[in-house]
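Read through the structure below, which is laid out as structure tokens, and then see the notes.
The values are calculated or read from the model by the stated rules, or taken from the named source; none is laboratory data. This is a predicted model, so every value here is computed, not measured. Here the Cβ positions follow ideal geometry from the backbone for every residue, glycine too, while neighbour counts run over all protein chains shown.
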Amino acid sequence: MNIINVNASKDYRVIVGFGILHHLGEQLRTQYTDCKVAVVTDSNVAFHHLAVANESLTSAGFQVHTFAFPAGEPSKTADTFLQILNFLADNHFTRSDLIIALGGGVVGDITGFAAACYLRGIPYIQIPTTLLAMVDSSVGGKTAIDLPAGKNLAGAFYQPAMVLCDIDTLATLPEDVFRDGCAEVIKYGILYDCDLFAHLSEKGFNFDRQYVITRCIELKRDVVAEDEFDTGLRQKLNLGHTIGHAIEANSSYQITHGSAVAAGIAIISRAAAAWQHCTWDTSRRIISVLSAFHLPTKCPFSSEQLYHSMLSDKKRFGKTVNLIIPNAIGNCNIIPVAVEQLQSFIEAGM
Ligand code: GLY
């Protein structure tokens, strides 16, 4: 079991190991007594993991209330958010009670936002059950819901009280969901850690789960300690995401987030080499590891289509677009690219 301490506006621990869900109640008893626990989850995760979590919590003496919503991004709405708030109010939760977000990114984001808003803030614990949620969304306190105008348009920075990553839960993930998480893991290697990148290149899908998940969380912990509120260096975590979001939008969200990010990373790497930010060898190594994980390195849209959806993403851009550009494996820069140059930059990476 590994423990990572996060120092942000609230300090908390992230625990990474095996069999954690079976000992959830005992684990929480070390920190919480006499409180009610609301477990918020989705229909898929409820099927695989809710019984184990609830059994452990009730055996440890917690009074448990469960709220499960239909799995998937379409549930990440104001409507589900309000249902969670009403569920907490109907069950008389107070600020000395506890919420658990048991699931992937959608569960973590919406539950975290409900925790931030209910009674102006009630403690919550993230128990991520996808690779992507373990290495990214469960750590760092970004919470959100989608609005009809776009994804994650309403939310808050609200740090969890603890994050528990039970590696055993990854065993029930569909292969494509696991692969999506691998794109984010590879991202950390390209951004910050050539040893992590080398391990992923050498081992492929057989990478050491405990080492890799722990290392990604340590890297994210360092970013969050430096820039909790995303005004500077935290932007680097968006490597591949600006183009990735355009790919997702052009596909009407039929291409998954991880696949879109992988293609975004590949495009930005080729463009970086073409514009001499990095060598062609660096770009080739990045594309080769993405391919080894069966992730896409091309997209079915033109640079013009990507450019237009990037421009319509008004949330992000002014006269320049900050792109995260590889310089070498383990070293990337935030480079402002003028909007007029954006399409030719993307074209160079297609
Ligand atoms: N998912 C990117 C971040 O936490 O900033």
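Couple of notes before you dig in:
- Qualifying positions in region 233-246 - within 16 Å of the ligand (Cβ to nearest atom) and touching a Gly at 6+ places or on another chain (Cβ under 9 Å): Arg234, Leu237, Asn238, Leu239, Gly240, His241, Thr242, Ile243, Gly244, His245
- Qualifying residue in region 85-103 (condition: within 17 Å of Leu147 (Cα to Cα) and assigned to a loop (DSSP other than H, G, I, E, B)): no
- The listed residue being within 16 Å of the ligand (Cβ to nearest atom) and either outside any loop (DSSP other than H, G, I, E, B) or not β-branched (Val, Ile, Thr) (or both), out of Ala262, Ala249: Ala262
- Residue match in region 142-150 (condition: more than 13 Å from the ligand (Cβ to nearest atom), farther than 15 Å from Ala53 by Cβ and polar (S, T, N, Q)): no
- Ala101 surrounded by fewer than 24 Cβ atoms within 10 Å (Cβ to Cβ), under 22 Å from Gly181 (Cα atoms) and aliphatic (A, V, I, L, M): no
- Residue that is buried (at least 17 other Cβ atoms within 10 Å of the Cβ), touching a Leu at 6+ places or on another chain (Cβ under 7 Å) and of a type in the set (Gly, Ala, Ser), where the choices are Gly240, Gly181: Gly181
- Residue within region 192-200 that is touching a residue at least 12 places away in the same chain (Cβ under 8 Å) and within 16 Å of the ligand (Cβ to nearest atom) present: yes
- Checking Glu228 against (1) surrounded by 20 or more Cβ atoms within 10 Å (Cβ to Cβ); (2) within 16 Å of the ligand (Cβ to nearest atom), the condition it does not meet: (1)
- Meets criteria (in contact with a strand residue (DSSP E or B) (Cβ under 9 Å, 6 or more places away or on another chain), in a helix (DSSP H, G or I), modelled with pLDDT of 95 or more and closer than 20 Å to Leu164 by Cα) for Thr80: no
- Sub-6 Å Cβ pairs linking a first residue in region 229-247 that is within 19 Å of Ile346 (Cα to Cα) to a second residue that is charged (D, E, K, R) and within 12 Å of the ligand (Cβ to nearest atom), at least 6 apart or interchain, are Leu239/Lys187, ordered by first then second residue.
- Any hit, region 112-121, residues being outside any helix (DSSP H, G or I), touching a residue at least 60 places away in the same chain (Cβ under 8 Å) and either surrounded by 18 or more Cβ atoms within 10 Å (Cβ to Cβ) or under 17 Å from the mean Cα position of the chain (by Cα) (or both): no
- Among the numbered conditions (1) at pLDDT below 95; (2) in contact with a Pro (Cβ under 9 Å, 6 or more places away or on another chain), the only one that Leu164 does not meet is (1).
- Unmet requirement for Val177, which otherwise passes all of (1) under 26 Å from Ala46 (Cα atoms); (2) within 15 Å of the ligand (Cβ to nearest atom): (2)
- Some residue of region 134-155 being modelled with pLDDT of 95 or more, aliphatic (A, V, I, L, M), surrounded by fewer than 19 Cβ atoms within 10 Å (Cβ to Cβ) and more than 20 Å from Ala71 (Cβ to Cβ): yes
- Close pairs from region 276-291: first touching a residue at least 60 places away in the same chain (Cβ under 8 Å), partner part of a loop (DSSP other than H, G, I, E, B), Cβ under 7 Å, at least 6 apart: Arg285/Ile329; Leu290/Thr297
- Any pair with Cβ under 8 angstrom, 6 or more apart, that starts in region 34-63 at a residue that is surrounded by fewer than 23 Cβ atoms within 10 Å (Cβ to Cβ) and ends at one that is in a strand (DSSP E or B) and of a type in the set (Ser, Thr, Tyr): Ala46/Thr66; His49/Thr41; Leu50/Thr41; Leu50/Thr66; Asn54/Thr66
- Top-ranked residue in region 203-225 [being without any contact (Cβ under 8 Å) to a residue 60 or more places away in the chain and more than 19 Å from Val163 (Cβ to Cβ); ranked as nearest to the ligand (Cβ to nearest atom)]: Phe207
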